[in-house]
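First up is the structure itself, then whatever we jot down about it.
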Amino acid sequence: MQRDHHQATPTVGPLEGFTVGVTAARRADELGALLLRRGAAVLHAPALRIVPLSDDSELLTATKQLIDHAPDVVIATTAIGFRGWVEAADGWGLGDALLNRLRDIELLARGPKVKGAVRAAGLTEKWSPASESMAEVLDRLLEEGVDGRRIAVQLHGEPLPGFVESLRAGGAEVVGVPVYRWMPPDDLGPVDRLLDATVARAVDAITFTSAPAAASLLDRAERRGMREELLDALRHDVLPACVGPVTALPLEAHDVPTSQPERFRLGPLVQLLTSELPGRVRPLPVAGRRLEIRGHAVVVDGELRTVPPAGMALLRALARRPGWVVARADLLKVLPGAGRDEHAVETAMARLRTALGSPKLIQTVVKRGYRLALDPAADTKYADA
């Protein structure tokens, strides 16, 4: 009985066959688990490390200044940062003095997680924006008027673009509280592997959850003399997925278009990838079947087929002009480490056909080369091919 391929039910996970790079320093495991659950292969490369709070002399100095000279407003921006600040102050013997100072002033919390950290410390915030947006915090402060007020801002570890500048333009004195600082990772090996994989187009997307991570990756690429190669890959072939517009700034400063979810959270970021990555794949009607060429695998009629790197290189070369004959000599050029022997193409092609599970997908054209067995009638876009 002939199988009806049009009725085949796809059972492939949305990210199966794709490889995603993760640059996050914290919550990397959580993000990686979300991606793995949807079928992605994950390449972990923390682009940053966080300086331990108790070792940070800048935070100690800022804490003493705030205790000695009370600000009018303190803005808590991240839960982990606020908790760490209180713990560090305890370690320095300043915990009670800091909490007492924070009780007596206007304390703003950017969102429910920060609000939870504030209340866990025995404090109560005066206000928290529904949107969890620093822009809403800024609007409120400017509406109230900031001229002559002293405002302390818990920094994320990176500048808050426009935020401090707007407050200062309104006449405020702004004090930064550097609750944790980003530094390059101790081990650059994973970052270098991610860079190499990106310029080789061996990853399909890279996730960024902080602006410093994006800046750090660019900086490392520049030190290795490969920044332009990295930017070219991100502009054309590898999807840069950023958790929000602030995170995207270092990339967009280099004319790299980024994708961002509507809600600036890990879950929506992963959901963005599950729609965008498969959407970048052009399904091909080949020999009565539906062929999707993903990052490191192929989907044939809804079934994932693992293909070795040499086979993927050949398949991509054939798919650049679907239905056209590609000469063995041209296929040899894309075959990794093949040398000059065209017999290597035949060997790799045989393995590719076996991996696809359907030899008829690729036709041998005697004395000329190979072609994808495209069905012109199935899609008029390819009729001329």
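Tabulated results
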read-out	value
Partners for Lys113 among aspartates and glutamates (Cα-Cα distance below 20 Å; same-chain residues under 8 apart left out)	Asp29, Glu30, Glu87, Glu125, Glu132, Glu136, Glu158, Glu262
Cross-link reach list, lysines versus Lys367, counting only Cα pairs under 29 Å and skipping chain neighbours closer than eight places	Lys333, Lys381
Accessible-area order (highest first, 1.4 angstrom probe) of the listed residues Ser210, Ser57, Ser166	Ser57, Ser166, Ser210
Residue order for His236, His296 - accessible surface, 1.4 angstrom probe, largest first	His236, His296
Centre separation in Å (Cα based) which lies between region 106-142 and region 31-79	17 Å
Entry for P(r) over Cα pairs in 20 Å bins from 0, in percent (calculated from the structure that is shown) out of (1) 28, 58, 14, 0; (2) 25, 52, 23, 1; (3) 24, 44, 22, 10, 0	(3)
DSSP-defined antiparallel bridges as percent of all bridges, the chain, nearest 5	45 percent
Angle in degrees between helix 343-356 and the longest Cα principal axis of the chain, rounded to the nearest 10	70 degrees
Length added when fully stretched, Asp237-Lys64, from 0.36 nm per residue minus Cα-Cα	57.4 nm
Full-extension gain in nm, Val325 to Asp187, via 0.36 nm per residue minus C-alpha separation	45.1 nm
Trypsin sites (Lys or Arg not before Pro) within region 303-355, DSSP loop, no more than 14 other Cβ atoms inside 10 Å	Arg340
In sequence order, calculated HN-Hα J values of region 195-210 (Karplus, 6.51, -1.76, 1.60; Hz; x Gly/Pro)	4, 4, 5, 5, 5, 7, 6, 8, 10, 9, 7, 10, 9, 10, 10, 7
For a label point 7 Å along the Cα-to-beta-carbon line of Glu144, residues of region 52-92 with backbone N under 15 Å	71-77
Between helix 57-68 and the chain: long-axis angle, C-alpha atoms, 0 to 90°, nearest 10	40 degrees
Where Lys126, Lys367 fall by accessible area, highest first, once all protein chains stay in place (1.4 Å)	Lys367, Lys126
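The values are calculated or read from the model by the stated rules, or taken from the named source; none is laboratory data. Since the structure is predicted, the reported quantities are computational estimates derived from the model, not experimental observations. Please note: Cβ atoms are built from the backbone with ideal geometry, for glycine as well, and neighbour counts cover all protein chains shown. Surface accessibility is based on the protein's heavy atoms, side chains included, excluding ligands, DNA and RNA. Shrake-Rupley method; radii C 1.70, N 1.55, O 1.52, S 1.80 Å.
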